[in-house]
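Working notes, structure below.
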Amino acid sequence: MNRWQAIADRVEGLNVAIGRGVAWLTLAMVLLTVAIVVLRYLFDLGWIWLQETVTWMHAAVFMLAAAYTLARDEQVRVDIFYAAAGRRRQALIDVLGTLLFLLPFCAFLLVESWPYVLESWQIREGSREAGGLLYPAVPLLKSCIPLTAILLLLQGLATLARKLPLPPADGGAERPQHPEPGL
C-alpha cells in the first residue's frame, strides 16, 4: 500500500465514522418528532426550540453524511453511461467528475460560506424565532457548511487516490474499491 492509499484510508475512515455517528441523529429526529406530536396534541404544549432542533438535526445529517455517501460510492449519478461502462471508463468518469465538478464545488462552497459562518459567530447569532434556539446553536449549524466542503474535498482527493492510475483497458486485476477502514 502506498502513502496516498494510506491517506485515502484515513480520510475514508474519518468520513465513515462521521457518517455512522450522524446516522444516529435520524433516530433522535424520529423520537423528538413523536415527542413534539404527543406534547402538542395530548397536552397542548409546544416549544419552538424543540421544533427547530429537529429541523437543524435534519440539516446536519444531510451535510455531514454527504462525504460518507461519497466514500461508499452511493451518491446519485446518471447511470446512462456509467452502468454499461467498463472499470477503466468508470474510473475515468469518476476522476473527471471529481476534478471538474466536485473539487471546484467544494472550493466555491468553502470560499462563499466562510464569511457567512464567521459573521454568525461574530454577532453571536441566535434563532430568528422568539423562543427558538439560542447561541451558539445557529453558528454551530452554519459551521457545518464549510465542514461539509472540507470533508467532501478530502473525500474527493481520496477518491482520486483510489482511482488513479486508471486500471488497464483489459480490466486488469480487481482491487477493492470501498474497504471498510478501521474494521
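The values are calculated or read from the model by the stated rules, or taken from the named source; none is laboratory data. None of the values given here were measured: they were computed from a predicted structure. Positions of Cβ are generated from backbone atoms using ideal geometry, with glycine treated the same way; all protein chains shown enter the neighbour counts.
Yes/no matrix, rows are residues, columns are (1) closer than 30 Å to Pro167 by Cβ; (2) out of contact with any helix residue (DSSP H, G or I) (no Cβ under 7 Å at 6 or more places or on another chain):
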| position | (1), (2) |
| --- | --- |
| Asp44 | no, yes |
| Ala59 | no, no |
| Ala67 | yes, no |
| Arg72 | yes, yes |
| Val76 | yes, yes |
| Ala84 | yes, yes |
| Phe105 | yes, yes |
| Ser113 | no, no |
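Matching residues to (1) assigned to a helix (DSSP H, G or I); (2) closer than 21 Å to Val11 by Cβ; (3) of a type in the set (D, E, K, R); (4) modelled with pLDDT under 90:
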position: Leu102; (1), (2), (3), (4): yes, yes, no, no
position: Cys106; (1), (2), (3), (4): yes, yes, no, no
position: Gly132; (1), (2), (3), (4): no, no, no, yes
position: Val138; (1), (2), (3), (4): yes, no, no, no
position: Pro146; (1), (2), (3), (4): yes, yes, no, no
position: His178; (1), (2), (3), (4): no, yes, no, yes
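When region 136-148 is filtered for residues that are touching a residue at least 60 places away in the same chain (Cβ under 8 Å) and within 18 Å of Val111 (Cα to Cα), the ones remaining, listed by number, are Leu141, Cys144, Ile145, Leu147, Thr148.
If you scan region 73-125, which residues turn out to be within 20 Å of Met63 (Cα to Cα) and either of a type in the set (Phe, Trp, Tyr) or touching a His at 6+ places or on another chain (Cβ under 9 Å) (or both)? Once the filter is applied, which keeps residues that are within 20 Å of Met63 (Cα to Cα) and either of a type in the set (Phe, Trp, Tyr) or touching a His at 6+ places or on another chain (Cβ under 9 Å) (or both), region 73-125 yields Asp73, Phe101, Phe105, Phe108, Trp114, Tyr116, Trp121. Of the candidates Thr69, Thr33, the single residue that is assigned to a helix (DSSP H, G or I), over 30 Å from Thr159 (Cα atoms) and among the polar types (S, T, N, Q) is Thr33. Against the test of being buried (at least 17 other Cβ atoms within 10 Å of the Cβ), over 17 Å from Leu147 (Cβ atoms) and in contact (Cβ under 8 Å) with a residue 40 or more places away in the chain, the options Leu102, Leu133, Leu110, Leu92 yield a single qualifying residue, Leu133.
Across region 36-48, the number of residues qualifying as charged (D, E, K, R) and either surrounded by 14 or more Cβ atoms within 10 Å (Cβ to Cβ) or part of a helix (DSSP H, G or I) (or both) comes to 1.
If I filter region 80-87 for residues that are touching a residue at least 24 places away in the same chain (Cβ under 8 Å), farther than 24 Å from Gly19 by Cα and among the charged types (D, E, K, R), do I get at least one hit? Even if it seems obvious, please write down each step before you answer.
If we filter region 80-87 for residues that are touching a residue at least 24 places away in the same chain (Cβ under 8 Å), which is where we start, we get 86-87.
Imposing the further condition that a residue be farther than 24 Å from Gly19 by Cα reduces the set to 86-87.
Next cut, among the charged types (D, E, K, R) only: 87.
Yes; the residues of region 80-87 include at least one that is touching a residue at least 24 places away in the same chain (Cβ under 8 Å), farther than 24 Å from Gly19 by Cα and among the charged types (D, E, K, R).
When the residues of region 36-66 are filtered to those that are free of Cβ contacts under 8 Å to residues at least 12 places away in the same chain and under 27 Å from the mean Cα position of the chain (by Cα), the one that is farthest from Leu154 (Cα to Cα) is Thr55.
Scanning region 1-30 for residues that are free of Cβ contacts under 8 Å to residues at least 60 places away in the same chain, out of contact with any helix residue (DSSP H, G or I) (no Cβ under 7 Å at 6 or more places or on another chain) and either assigned to a helix (DSSP H, G or I) or closer than 25 Å to Gly132 by Cβ (or both) yields Arg3, Ala6, Arg20, Gly21, Ala23, Trp24, Leu27, Val30.
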